[in-house]
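Reading through the structure tokens given below for one structure.
Throughout, read-outs are computed from the coordinates displayed, never taken from laboratory work. Note that the structure is predicted; figures quoted are calculated from it, not measured. Note that each Cβ is placed from the backbone with ideal geometry, even for glycine, and that neighbours are counted across all protein chains shown.
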Amino acid sequence: MSHPHTIWINETTGIVEATDQRWLPFRNDIFQIRTLDDAYFAIREMVVRGAPLIGVTAAYGLYVAACNFEEGDFSGYMSEAGEYLKISRPTAVNLAFAVDEALTHVCAEYSPEENAERLLAYAESLKRREIEYSTQIGCNGLELIRGISKKKGGSVVNILTHCNAGRLATIELGTATAPIYLAYEENIPIHVWVDETRPRNQGARLTAFELAEAGIPHTVVPDNVGGHLMQHGMVDLVLVGSDRTTLNGDVANKIGTYLKALAAADNQIPFYVALPSTSIDWEISDGLTGIPIEQRDPREVTHMVGLRKGQIAEVQILSDLSPAANYGFDVTPARLVTGLITERGICQASKEGILSLFPEKNIRT
Ligand code: MRU
């Protein structure tokens with residue numbers, strides 16, 4: 001990895017840069033965010049992805065928008081920029097959260113240049129906050145892995161994860177992977193089953209890449225293998241991330257997460273979701289009716305990207321005669337979630353559980 005973070009300011013040029021995740025692990029490019037459109041494109045086309053990173057990118061996007069302001073009503077211009085970014089991807093609540101919070105830093109009394117500085121300061125502080133949250137999630141989740149390891153008398157703890165809730169989806173350490181890294185550092189024997197995560201293969205391309213870089217034992221499996229593994233006692237814990245968790249504990253995460261939760265419940269396997277509070281939607285309760293589910297280009301289903309003779313290549317995998325649907329996320333109801341691992345601790349996936357860790361939010365309910 002060329003830079004320890006997934007998004008940063010180039011110290012020489014002052015340009016916002018991000019790891020381009022579209023071609024990893026085959027090609028490790030850097031994407032420059034010079035304009036608001038670049039930020040929109042980066043989020044929409046999944047140059048950057050993962051709920052916390054999407055939020056931080058939006059914050060930097062507003063900073064570059066402010067830098068490019070020419071003339072007119074600055075506040076109106078910034079509000080429009082925020083609305084534009086918000087529609088780039090609808091499911092991860094971190095995006096709207098970051099836009100709304102960033103815009104509270106825009107002040108009519110200041111010049112556009114001063115406002116740009118304030119927006120940059122906000123983006124950097126949100127980035128630091130996400131790093132801190134990942135570390136705290138890691139410490140809190142580590143307790144769980146320690147407990148399972150102890151129960152198993154020190155034999156290997158098998159963890160199944162879906163999609164990529166690792167360093168690449170955040171800034172550092174990840175959410176679902178944070179406890180895994182810390183357990184590995186502590187010499188707890190662990191092994192991770194990595195769901196490939198069709199259609200974009202974030203598990204196979206990104207999570208496996210991250211784990212391999214860290215030397216953590218792992219195996220990539222097709223998405224439909226998890227149930228079999230669970231039935232045969234080969235999974236001790238399912239650990240996933242979240243794009244939006246509602247106040248009653250419903251969790252939207254990458255499509256296919258719900259099926260893993262069902263299989264985990266049928267096999268009495270703990271199913272935990274690791275998330276920073278920036279992924280909690282405090283406004284809605286029912287995830288099934290309230291969370292917008294992104295539908296992406298069917299081409300991501302009909303075609304696959306991979307490496308062919310050392311070059312990145314795309315192949316068509318089904319006939320032109322068949323249509324395809326591409327739902328990006330699904331909702332796992334709170335009743336299937338054993339617990340939520342947050343930066344403040346682990347709680348039940350319920351309103352009571354969440355508010356016990358975030359009592360200050362009680363006034364808004
Ligand atoms: O479509 P993606 O790749 O942005 O989806 C990412 C996920 O579903 C992650 O699990 C989620 O954002 C949590 S990231 C810490």
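Quick look at the numbers
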| quantity | calculated |
| --- | --- |
| Added length on full extension, which subtracts the Cα-Cα distance from 0.36 nm per residue, Met234 to Glu83 | 49.8 nm |
| Pairwise label distance in nanometres, Lys150 with Leu321, each label 7 Å out on the Cα-Cβ vector | 6.1 nm |
| Projected label distance in nm at Arg344 and Ser75, using a 7 Å step from Cα toward the beta-carbon | 3.1 nm |
| Approximate shape of segment 1-127 as ellipsoid semi-axes (Cα gyration tensor, √5λ), whole Å, largest first | 24, 16, 12 |
| Cα principal axis extents for segment 139-364, largest first, Å | 52, 42, 34 |
| Label-point separation, Asp266 to Leu355 (7 Å along Cα→Cβ), nm | 3.5 nm |
| Contact order normalised by residue count of the chain, Cα under 8 Å, 6+ apart, percent | 15 percent |
| Residue-averaged 222 nm ellipticity for the chain, from DSSP H runs of 4+ at -39500 (n - 2.57), nearest 500 | -11500 deg cm²/dmol |
| Exceeding the 29 Å Cα-Cα cut-off - candidates Lys151/Lys361; Lys260/Lys351; Lys152/Lys361; Lys86/Lys361; Lys151/Lys260; Lys254/Lys351 | Lys151/Lys361; Lys152/Lys361 |
| Highest to lowest packing among 125-133, 345-353, scored as the average C-beta count within 10 Å | 125-133, 345-353 |
